[in-house]
1. State whether one or more residues within the range 115-133 are under 14 Å from I201 (Cα atoms) and out of contact with any Cys (no Cβ under 7 Å at 6 or more places or on another chain).
2. Report the residue count in the range 145-171 for those that are under 13 Å from F96 (Cβ atoms) and surrounded by fewer than 19 Cβ atoms within 10 Å (Cβ to Cβ).
3. Only one residue in I165, I147, I158 is within 30 Å of V31 (Cα to Cα), out of contact with any Asp or Glu (no Cβ under 6 Å at 6 or more places or on another chain) and either at pLDDT 90 or above or not charged (D, E, K, R) (or both), so which one is that?
4. Restricting attention to the range 203-252, report how many residues are in contact (Cβ under 8 Å) with a residue 24 or more places away in the chain and among the polar types (S, T, N, Q).
5. Name the residue, out of E123, E93, that is among the acidic types (D, E), crowded, with 21+ Cβ neighbours inside 10 Å and closer than 20 Å to N79 by Cα.
6. With P118, P112 as the choices, which residue is part of a loop (DSSP other than H, G, I, E, B) and not aliphatic (A, V, I, L, M)?
7. Output the residues belonging to the range 28-59 that are open to solvent by less than 50 Å² (accessible area, probe 1.4 Å) and among the aliphatic types (A, V, I, L, M).
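The values are calculated or read from the model by the stated rules, or taken from the named source; none is laboratory data. Only a predicted model underlies this, so the values are computations on that prediction, with no experimental measurement involved. For neighbour counting, all protein chains shown are included, and Cβ atoms are generated from backbone atoms with ideal geometry for every residue, glycine included. Ligands, DNA and RNA are stripped out before the accessible areas are found, and what is left, the full protein with its side chains, is counted by its heavy atoms. Shrake-Rupley method; radii C 1.70, N 1.55, O 1.52, S 1.80 Å.
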Amino acid sequence: MLAMYSGQIGSFSSRDLLLFFIMWELELIPVYLLLCMWGGKKRLYSATKFILYTAGGSVFLLMGVLGVALYGSNEPTLNFETSVNQSYPVVLEIIFYIGFFIAFAVKSPIIPLHTWLPDTHGEAHYSTCMLLAGILLKMGAYGLIRINMELLPHAHSIFSPWLMIIGTIQIIYAASTSLGQRNLKKRIAYSSVSHMGFIIIGISSLTDTGLNGALLQIISHGFIGAALFFLAGTTYDRIRLVYLDEMGGIAIPMPKMFTMFSSFSMASLALPDVLWIQAI
C-alpha cells in the first residue's frame, strides 16, 4: 500500500517528464500484487489483464516522453516549465499527442480501452478498489491536463471536438452497461467509467469553466467512488453477498449502511442537496 501511495504521490508532484514516467510505472507493481494476493476467484486473470493494459499504454507514454525530451536540442528537455514554451511542427505534435493520449486513455479509462477496469474492480479487495477509483483513475485525467492540454495545446485544440464525442458516447454507453450488471462492484465500476466521460468533456471544452468543472469532478468522484466501494466491501463482509439480485432487503438488518449507501449514490447522481449535506 505504501509503495503504491509513493508512486501515486510522485506522479502528481513530479516536475519533470522522466520522474513522472518512473512514478507512473512504480505504482503498477504494488497494484498487481494486491490483485494477485488478495483478489477474488479470478484474481490472476484480472491482474494479468490489468498489467497488460497499463504496461502496454506505458510504452506509448515512454515514446512520448523521449520524443518531447529529445526534440530540437542537444540536451534532453525534461522540465515541465521548460517544455511548455517548446513549439513543434504540427504533424509531430499530433504524433506526440496521440502517444500520450493512448497512455492516459488506458488509465482513465476511455472507451474502448476500459475493459480492464470492471474485471479489476470485480475481483479486487474493496480496499484496493477504493484506491483504484479514488486515485488511480485520476492519474489519467491529470496526465491529459498536465501534458496533453498544457504541453501540446495546438494538437489538443485539433482533437478536442473528437474528445467531446468520445466523452458523450462514454457517458451513455457506460451508464447503460452499468444498469445490466449483477455484481455490485462492477456496477460501481461502470458508473465510474461513465463519470470519467464528463471529465473528458470538460478537458476538451477549451474553456476555464469546463476545466474547473473537470477538476471538481476529479476531486468529488475520488471521494464518492471510494466511499461506494468501501460500503460495498463492508456490506460483503457482513452478508457475504455481492450480487444485487441476492441482496434485497438489506435496509432492515443494516439501516445505517443502507442510509450511507443511499446518500453516496445520490451524491454520485450529483444531487446538490446531498453534496451540500456531505460537505457540512
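1. no
2. Looking only at that region, the number is 5.
3. I147
4. Residues flagged as in contact (Cβ under 8 Å) with a residue 24 or more places away in the chain and among the polar types (S, T, N, Q) within the range 203-252 amount to 5.
5. Result of the check over E123, E93: E93.
6. Of the residues listed, the single one that is part of a loop (DSSP other than H, G, I, E, B) and not aliphatic (A, V, I, L, M) is P112.
7. Correct list: L28, V31, L34, L35, A47, I51, A55.
Residues are listed down the side, and each one gets a yes or a no for (1) aliphatic (A, V, I, L, M); (2) within 18 Å of A124 (Cβ to Cβ); (3) at pLDDT 90 or above; (4) open to solvent by less than 30 Å² (accessible area, probe 1.4 Å):
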residue: S178; (1), (2), (3), (4): no, yes, no, yes
residue: Q181; (1), (2), (3), (4): no, yes, no, no
residue: N212; (1), (2), (3), (4): no, no, no, no
residue: G233; (1), (2), (3), (4): no, yes, no, yes
residue: D245; (1), (2), (3), (4): no, no, no, no
